[in-house]
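Report on the structure given below.
The values are calculated or read from the model by the stated rules, or taken from the named source; none is laboratory data. None of these values were measured; they are calculated from a predicted model. Note: ideal-geometry Cβ built from the backbone for every residue, glycine included; neighbour counts use all protein chains shown. Calculation scope for accessible area: heavy atoms of the full protein, side chains included, ligands and nucleic acids excluded. Shrake-Rupley method; radii C 1.70, N 1.55, O 1.52, S 1.80 Å.
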Amino acid sequence: MASQRARQSRSGKSTLKIIAVFLSSSDSRWWFILFNLPILIMCPIAELDEAEAEEAAEPLRKEWYVSGFLLRSYPIGGSLKVDGDKIPDTSFNSATGGGLKIGVFPSYKSVFGAEVELSGHGGSITAPQTVVGNTVHSTQLDTTQFNFMVNALARYPGDIIQPYAGVGLGFSILGLDGYTQSSDGILEPDGFAGFALQGIIGVRLLVTNHLFGFVEYKPMLFTGKEGDRCTICTKYSCRRRANCTTPPLHTLQFQSHCVAVGVGFRF
């Protein structure tokens with residue numbers, strides 16, 4: 001109870017000073033602005049009146065939460081192949097996106113919990129023209145990636161600061177616009193679907209008993225392939241189209257570092 005009251009007693013002058021410093025940093029890089037965003041949002045909220053603060057200080061019997069976040073992805077390498085033919089010098093560009101999470105801990109003092117995460121971002125995959133033997137390779141693809149993850153978490157249930165770590169497993173879908181050039185000629189892949197695995201290292205800042213901000217670092221691995229256009233799947237089964245020849249298929253694998261910052265509400 002004492003820690004909750006201490007948090008709520010921050011003066012308006014300190015909040016105005018934080019906001020003034022932030023606004024004066026007009027030449028700051030995007031990441032500086034991104035990491036200060038939760039502070040700007042939550043500092044005014046932290047100055048709730050005394051009655052509301054005491055009501056919010058009641059412990060949560062079961063902790064459900066929803067949160068939204070901004071995401072920045074930094075790919076660190078991977079491979080793109082067409083029917084086993086690797087396209088050399090493939091690069092994966094950084095991208096910005098966002099997402100939502102819904103999670104639960106059995107109680108406000110629980111160490112272990114779980115969450116469902118939905119996220120998405122754009123990006124691109126490129127490779128300059130290179131000649132291997134008599135074959136020309138190149139790539140120019142614009143991507144739109146959607147991720148669905150189920151995360152298992154372990155945290156230190158502190159009253160103000162809550163560091164946590166976890167692991168997530170799910171799948172990703174990549175929509176594509178562009179072409180690849182390889183030993184199979186110039187092709188326009190439809191998209192990729194595959195498995196995604198991520199680690200999670202993060203920390204929460206509890207502003208009130210219900211509102212919090214968080215920052216996360218997430219290394220991520222994706223591996224997937226292009227769907228076979230000759231295969232038609234319904235809700236119950238899959239079948240091949242008659243007189244259809246499977247075209248050369250693309251496979252994709254890459255690793256990336258992701259940084260997320262967001263705010264959430266516990267109830």
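A few remarks follow.
- Among residues of the range 64-97, those that are touching a residue at least 60 places away in the same chain (Cβ under 8 Å), surrounded by 14 or more Cβ atoms within 10 Å (Cβ to Cβ) and among the small types (G, A, S), counted: 3
- Residue count for the range 221-231 under the criterion of being touching a Gly at 6+ places or on another chain (Cβ under 9 Å) and open to solvent by less than 20 Å² (accessible area, probe 1.4 Å): the result is 3.
- Subset of the range 153-210 that is of a type in the set (V, I, T) and assigned to a loop (DSSP other than H, G, I, E, B) - its residue that is most open to solvent (accessible area, probe 1.4 Å): I160
- Test: residue in the range 128-151 that is among the aromatic types (F, W, Y), at pLDDT 95 or above and not in a strand (DSSP E or B): no
- Members of the range 98-127 found to be assigned to a loop (DSSP other than H, G, I, E, B) and open to solvent by 40 Å² or more (accessible area, probe 1.4 Å), listed by number: P106, Y108, K109, V111
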